[in-house]
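Only one structure is covered here, and it is reproduced in the block below.
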Amino acid sequence: QQQVKQSPQSLIVQKGGISIINCAYENTAFDYFPWYQQFPGKGPALLIAIRPDVSEKKEGRFTISFNKSAKQFSLHIMDSQPGDSATYFCAAKGSSNTGKLIFGQGTTLQVKP
Amino acid sequence: DGGITQSPKYLFRKEGQNVTLSCEQNLNHDAMYWYRQDPGQGLRLIYYSQIVNDFQKGDIAEGYSVSREKKESFPLTVTSAQKNPTAFYLCASSTHTEYQETQYFGPGTRLLVL
């Protein structure tokens with residue numbers, strides 16, 4: 001119930017291509033879905049986030065698509081660049097005030113020049 | 001220059017030794033968190049604190065202890081009871097509004113066992 005399942009574990013994309021990372025959840029009480037980006041040896045940083053009242057959110061080359069009925073959400077990176085090479089984590093949070101985020105297992109993205 | 005600082009960057013623990021990881025934030029955030037990161041396992045919550053002098057266990061609290069005596073500080077002690085402590089430890093703090101919950105992470109401490 002509390003898990004967030006993320007796939008794929010690793011992804012290799014050519015420069016200029018589209019990177020797609022998927023996440024699925026079970027707990028319908030989740031109401032906040034952020035994506036974090038982490039470079040090697042650094043802490044994660046918030047990339048983009050969505051609430052379930054919208055089906056899509058776009059910020060620059062990064063888009064979250066959200067499917068409430070399927071309990072799935074995904075990150076799309078358009079025109080992927082070598083500088084996007086990092087580990088990406090999806091996460092989810094319930095509507096309580098504890099602030100606890102449940103993280104997916106992470107996806108390591110490599111964008112080849 | 002606001003943010004979260006963690007020290008040390010690398011820490012070595014001997015068998016049977018307790019070690020303490022430091023986490024300080026000057027973001028004036030009420031909530032703070034400790035995560036453990038292992039390859040292929042994402043971030044797992046060890047402890048979290050929503051207010052000074054109060055904290056709760058996360059999913060993997062066994063072998064760890066924390067204190068929250070000041071708003072800006074949330075140190076983590078890895079005790080000798082933690083049999084597999086080698087990992088990357090991340091501290092975070094958060095603020096939340098009605099519409100967004102953002103956790104800000106420190107640069108991490110890598111703990112290695114000698």
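The values are calculated or read from the model by the stated rules, or taken from the named source; none is laboratory data. Since the model is a prediction, treat every value here as computed from it, not as a measurement. Counting neighbours? That spans all protein chains shown, and the Cβs are built from the backbone with ideal geometry, glycine included. Accessible surface is based on the protein model in full, side chains and every heavy atom, while ligands, DNA and RNA are left aside. Shrake-Rupley method; radii C 1.70, N 1.55, O 1.52, S 1.80 Å.
Here are some notes:
- Dipole in debye (nearest 20) - the protein assembly as shown, about Cα centre, beta carbon charges: Lys, Arg +1; Asp, Glu -1: 540
- Residue-normalised accessible area of region A:18-92, given per residue in Å² at a 1.4 Å probe: 43
- When chains B and A come together, the accessible area they lose, probed at 1.4 Å and totalled over both chains, is close to 1700 Å².
- Per-pair calculated FRET efficiency, R0 = 35 Å: B:A81 and A:D31 via Cβ, rounded to 0.05: 0.45
- Protein heavy-atom accessible surface, 1.4 Å probe, per residue over region B:1-86: 53 Å².
- Approximate spin-label separation B:L112-A:F39, in nm, with each point projected 7 Å along Cα-to-Cβ: 2.3
- Positive minus negative residues near B:I46 (Lys, Arg vs Asp, Glu; Cβ under 13 Å): +1
- Each part reduced to its alpha carbon centroid, region A:3-59 and region B:6-80 end up 25 Å apart.
- Each residue, B:E69 and A:K68, gets one label point 7 Å from its Cα in the Cβ direction; the gap between the two is 4.8 nm.
- When the Gaussian network model of chain A links Cα atoms closer than 10 Å, the mean-square fluctuations of A:D79, A:D53, A:D31 top out at A:D53.
- Sequence-separation-based contact order of region A:1-52, relative, with Cα cut under 8 Å and 6+ spacing, percent: 31
- Rounded percent of accessible protein surface that carbon and sulfur make up, region A:44-113, 1.4 Å probe: 48
- Most positive-pole-ward Cα, A:L11, A:A24, A:I48, against dipole of chain A from beta carbon charges: A:L11
- Environment charge at B:V113 (Cβ cut-off 15 Å; Lys +1, Arg +1, Asp -1, Glu -1): +3
- With a simple spin-label model that places each label point 7 Å from the Cα along the Cα-to-Cβ direction, the separation between B:D30 and A:Q110 comes to 4.5 nm.
- Chain B - percent relative contact order, Cα under 8 Å, separation 6 or more: 34
- For A:G83, the shell of other residues with beta-carbons less than 15 Å away shows a net charge of +2, using +1 for Lys and Arg and -1 for Asp and Glu.
- Solvent-accessible area lost in complex, 30 Å² minimum, residues of region A:41-79 relative to chain alone, 1.4 Å: A:G41, A:G43, A:P44, A:L46, A:R51
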